[in-house]
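Shown next, in C-alpha cells, is the structure this report addresses.
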C-alpha cells in the first residue's frame, strides 16, 4: 500500500504481526521522528494496526520533509 494524500496529510496504515510488534514499530518511528525533529501522528488500533499521519504542523500542509519521513518509515517495514 502506498501513502495516501488526504486532508492535507500523508497517511498510511501498517498491519503488524501482533500488538507487541505494533508498539515496537511505533517506538522505532518515534526515534526517527526525534532525530529529524519532525513528528507524525501515530495511532495503534485493532490491536495490531498502526496508523501514521504525516504533515508539517507549522504550515498545515505536506512538505518535502513529510515525504522524507515517509520514506524512512517505509524502510522499517
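Nothing in this text is a laboratory measurement; each read-out follows from the coordinates by a stated rule. Quick caveat, the model's predicted, so the values are computed rather than measured. Backbone-built Cβ (ideal geometry, glycine too); neighbour counts: all protein chains shown.
For segment 19-62, what class follows from the C-alpha gyration tensor (a ≥ b ≥ c being the square roots of its eigenvalues): rounded when a/c is under 1.5, otherwise prolate if a/b is larger than b/c, else oblate?
It is oblate, given that a/c is not under 1.5 and a/b is not larger than b/c.
Calculate for the chain the 222 nm mean residue ellipticity that helices alone would give, adding -39,500 (n - 2.57) per DSSP H run of length 4 or more and normalising by residue count, nearest 500 deg cm²/dmol. Working shown, then result.
Numbers: 2 runs with 31 residues, N = 77.
Theoretical 222 nm ellipticity from helices: -13500 deg cm²/dmol.
Could you work out which residue, out of 33, 46, 22, moves most in a Gaussian network model of the chain, that is, has the largest mean-square fluctuation with Cα springs under 10 Å?
Comparing 33, 46, 22 in a Gaussian network model of the chain, the most mobile one is 46.
Given R₀ = 35 Å, what would the calculated FRET efficiency be for residue 17 paired with residue 39, taking r from the Cβ atoms and rounding to 0.05?
After rounding, the FRET efficiency stands at 0.90.
At residue 77 and residue 30, where each label point lies 7 Å from the Cα along Cα→Cβ, what is the point-to-point distance in nanometres?
For residue 77 paired with residue 30, the spin-label model returns 1.9 nm.
What span do the alpha-carbon atoms of the chain cover on each of the three principal axes, reported in whole Å from largest to smallest?
34, 25, 18
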